[in-house]
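Asker: The following block contains the structure, expressed as structure tokens.
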Amino acid sequence: MRVVFMGTPDFAVPTLARLAQDGHDIAAVYTRAPARAGRGMSLRPSPVHALADTLGIPVLTPATLRTPEAAETFAAHRADVAVVVAYGMLLPQAILDAPKHGCLNLHGSLLPRWRGAAPIQRAVMAGDAESGVGVMRMEAGLDTGPVALEARLPIAPGMTAGALHDALMPLGADLMAQALARLDAGTLTFTPQPEDGVVYAHKITNDEARIDWSRPAAEVANRINGLSPFPGAFFEVDLGKGPERVKVLRAALAESAGSGAGAPGTLLDAEGTVACGDGAVRLVELRRAGKGGSASGAEFVRGARLAPGARLG
């Protein structure tokens, strides 16, 4: 099929690679413009942009799609379908209507749960037992379109958002490949999303990253794992030179620790167990601000010379 691909981050890369591998005629790739990054703040193309360059596919990085010129350019591709994976820009109706078969979106949740910007992180933060990917036909509403295919994946205890993200990437690529094969054969069907069970995955804010030890242990662990690796949940502790920020990249429930073992935020042992409002969590992996590597909870406690009873803010 003749395809316009629209995507930006790593999550979209396997799908673009798979469509190219399957022999689809990819007329153009739309992605976000290069952004400044790294110590030198040099302009870096998005991961999708980089792959498209390698594949020799024309790349467009419009700042907006809401102009007549943008709509005309898009329509000139004469696409059978547009495939959208984490593009990062809303599509106006003129764009949605341009391809012969419309626009198919690969979304990182089991719709209608977790519509919106951060479905993978929100699923882990909420303690969901499973996640998945779905292929839907896009409408003007935010992730409201009918769904054609879904693939489910259990969220294992202690799984981080980063690990779930990486597991869903190849699953999504396979699912979109199936969708285009069925679309080409005329056998792809769509089912409207149910009205019940709609939950929005709002964009993650920096205000959510500071750990609130007064919350129940399960909630604290889920939030830590759901914010890993980015932006990373954190606490502050005085390590001899004033308060220092420490990111927690993984946490688990400490089953043996009682809720009355200490005030919330109290370090309970040399293994990195911390009291919460109800129960305790074990800090599995941490990284100090300005440090390149990570450490286990026990390594961090030993290296920081913290004793049980220390308070983590």
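The values are calculated or read from the model by the stated rules, or taken from the named source; none is laboratory data. These numbers come from a predicted model, not from an experiment. Cβ placement follows ideal geometry from the backbone for every residue including glycine, while neighbour counts extend to all protein chains displayed. Keep in mind that these areas ignore ligands, DNA and RNA; they rest on the heavy atoms of the full protein, side chains included. Shrake-Rupley method; radii C 1.70, N 1.55, O 1.52, S 1.80 Å.
Asker: How much accessible area per residue does region 242-311 have, in Å², with a 1.4 Å probe?
Answerer: 50
Asker: With +1 on each Lys and Arg Cβ and -1 on each Asp and Glu Cβ, how big is the dipole of the chain about its Cα centre, in debye rounded to the nearest 20?
Answerer: 940
Asker: Additional query: Once R0 is set to 51 Å, what does the formula 1/(1 + (r/R0)^6) return for the Cβ-Cβ distance between E255 and D174, expressed as a FRET efficiency to the nearest 0.05?
Answerer: Efficiency at R0 = 51 Å is approximately 0.90.
Asker: Can you put H107, H101 in order of accessible area, largest first, using a 1.4 Å probe?
Answerer: Putting H107, H101 in descending order of accessible area: H101, H107.
Asker: Between region 139-202 and region 83-135, how far is it from one alpha carbon centroid to the other, in angstrom?
Answerer: First find each Cα centre; the distance between them is then 7 Å.
Asker: Return a whole-number percent for the relative contact order of the chain, with Cα pairs under 8 Å and 6 or more residues apart as the contact set.
Answerer: 13
Asker: With a 10 Å radius around each residue's Cβ, average the other Cβ atoms per peptide and rank 304-310, 184-190, highest first.
Answerer: Peptide ranking by packing, descending: 304-310, 184-190.
Asker: Rounded to the nearest 0.05, what FRET efficiency do E236 and D278 give with R0 = 30 Å and r taken as the Cβ-Cβ distance? Could you check?
Answerer: 0.85
Asker: Let me ask you something else. Considering Cα pairs under 8 angstrom that are at least six residues apart, work out the relative contact order of region 28-139 and quote it in whole percent.
Answerer: It rounds to 20 percent for region 28-139.
Asker: So with the 1.4 Å probe, I'd like the accessible area per residue for region 1-137, rounded to whole Å².
Answerer: Using a 1.4 Å probe on heavy atoms only, each residue of region 1-137 averages 43 Å².
Asker: Which whole-number percentage describes the relative contact order of region 191-240, with Cα contacts under 8 Å and a sequence gap of 6 or more?
Answerer: Worked out over region 191-240, it gives 36 percent.
Asker: Sort out for me the Cα centre separation of region 275-307 from region 12-32, rounded to whole Å.
Answerer: If you average the Cα positions of each part, the centres end up 41 Å apart.
Asker: Compute the distance in nm between two label points, each set 7 Å from the Cα along the Cα-to-Cβ direction, one at A156 and one at R215.
Answerer: Each label point is offset 7 Å from its Cα along the Cβ direction, giving 2.4 nm.
Asker: Please work out whether region 217-287 counts as rounded, prolate or oblate from its C-alpha gyration tensor, where a ≥ b ≥ c are the square roots of the eigenvalues and a/c under 1.5 means rounded, while otherwise a/b larger than b/c means prolate and anything else oblate?
Answerer: oblate
Asker: Calculate the spin-label point distance for T73 paired with A126, positioning each point 7 Å from the Cα along the beta-carbon direction, and give it in nanometres.
Answerer: The answer from the label model is 3.7 nm.
Asker: If DNA, RNA and ligands are ignored and the probe is 1.4 Å, what is the ranking of D212, D80 by accessible area, most exposed first?
Answerer: D212, D80
Asker: Moving on. So what is the 222 nm mean residue ellipticity for the chain from helices alone, if each DSSP H run of at least 4 adds -39500 (n - 2.57) and you divide by all residues, rounding to the nearest 500 deg cm²/dmol?
Answerer: Value at 222 nm, helices only: -7500 deg cm²/dmol.
Asker: Using a 1.4 Å probe on the protein chains only, how many percent of the accessible area of the chain belongs to carbon and sulfur?
Answerer: Percent of accessible area from carbon and sulfur atoms in the chain: 51.
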